[in-house]
Amino acid sequence: METVVWSKPEEERAGTPLLVMMHGYGTDESRMVNLFDYLPKEFTCAALRAPMPIANGYGWFLLDYFLTNDFADVIAAANSVFSWIDSARPLHTSVSLLGYSQGMAMASTLLRLRPQDFPAVVGLSGFVLNNDLLALSESFDERPPFFWGRDKADLVINGDATAYTEEWLNTNTQLTARTYPGMGHAMSKAEMVDVSAFLRHYVLD
């Protein structure tokens, strides 16, 4: 991860819980930086820039409208994030994940590969990858806490992807699902209130 924006200066990060934030397809870390003020101040937030240039922004791996993906690209992206997390983890009391849109696909993929590593995961207006090879590699001893926020009328995430995401999350996670009518493919202040309560409950409490 060559570009990371932090919510706290370096001297204030040690001993805090870390929230790793991943943006959507074709955007950049600034989308996540805008959320810093709405999240619990106890956390150190780190907004990562995805490694792949996409149009005027960046992405974690290539996608089309149907959200098809190449397993090798997904694993390469996941490994790059894991490498960064492993370098940052020693300073922090825990590491949680928050992903928006394609960033939710990344956050849920990291959880599937290392389910014991993250006390809480947040997915916003996104999806879980429908990938047979990834499904074969996952194994949950316990169902991890997962927050899923979206607008049911979001037209960016197609219906098949939403249906798979709902099924996977209900089967594999301790799911907190919330919907926000009129939000579209975005994030809202009301949603951040719920996300903050979720993070406080599962990480800080």
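The values are calculated or read from the model by the stated rules, or taken from the named source; none is laboratory data. Keep in mind that this is a model prediction, so the values were computed, not measured. Every residue, glycine as well, gets a Cβ built from its backbone with ideal geometry; the counts of neighbours run over all protein chains shown. Keep in mind that these areas ignore ligands, DNA and RNA; they rest on the heavy atoms of the full protein, side chains included. Shrake-Rupley method; radii C 1.70, N 1.55, O 1.52, S 1.80 Å.
Assess whether Ala105 counts as being open to solvent by 10 Å² or more (accessible area, probe 1.4 Å), farther than 27 Å from Gly15 by Cα and either of a type in the set (A, V, I, L, M, F, W, C) or assigned to a loop (DSSP other than H, G, I, E, B) (or both). When the stated conditions are applied, Ala105 does not pass them. Out of the residues in segment 68-93 that are open to solvent by 20 Å² or more (accessible area, probe 1.4 Å) and β-branched (Val, Ile, Thr), which is modelled with the lowest pLDDT? Selected residue: Thr68. If I filter segment 33-67 down to residues being among the hydrophobic types (A, V, I, L, M, F, W, C) and in a strand (DSSP E or B), which single residue comes out as surrounded by the fewest Cβ atoms within 10 Å (Cβ to Cβ)? Filtering segment 33-67 for residues that are among the hydrophobic types (A, V, I, L, M, F, W, C) and in a strand (DSSP E or B), the one surrounded by the fewest Cβ atoms within 10 Å (Cβ to Cβ) comes out as Met52. Selection of first residues in segment 184-205 that are within 17 Å of Asp154 (Cα to Cα) and assigned to a loop (DSSP other than H, G, I, E, B) and of second residues that are of a type in the set (Ser, Thr, Tyr) and open to solvent by 20 Å² or more (accessible area, probe 1.4 Å), restricted to Cβ pairs under 6 Å at least 6 apart or on distinct chains, gives the following pairs, ordered by first then second residue: Ser188/Tyr180. Of all the numbered requirements in (1) open to solvent by less than 50 Å² (accessible area, probe 1.4 Å); (2) in contact with a helix residue (DSSP H, G or I) (Cβ under 6 Å, 6 or more places away or on another chain), Leu199 misses one, and that requirement is (2).
Whether a residue is aliphatic (A, V, I, L, M), touching a residue at least 60 places away in the same chain (Cβ under 8 Å), more than 19 Å from Ser101 (Cα to Cα) and open to solvent by less than 40 Å² (accessible area, probe 1.4 Å) was assessed, and Leu18 passes this test.
Which is of a type in the set (Val, Ile, Thr) and within 10 Å of the chain's Cα centre (by Cα), of Val122, Val81, Val74, Val95? First the steps, then the outcome.
Numbers: Val81 fails: within 10 Å of the chain's Cα centre (by Cα); Val74 fails: within 10 Å of the chain's Cα centre (by Cα); Val95 fails: within 10 Å of the chain's Cα centre (by Cα).
On inspection, the qualifying residue turns out to be Val122.
Looking across segment 132-180 at every residue that is acidic (Asp, Glu) and part of a helix (DSSP H, G or I), the one that is least open to solvent (accessible area, probe 1.4 Å) is identified as Glu166.
Would it be correct to say that Ser96 is in contact (Cβ under 8 Å) with a residue 24 or more places away in the chain, closer than 20 Å to Leu134 by Cβ and either surrounded by 14 or more Cβ atoms within 10 Å (Cβ to Cβ) or in contact with an Asp or Glu (Cβ under 6 Å, 6 or more places away or on another chain) (or both)? No; evaluated as a whole, the condition is false for this residue.
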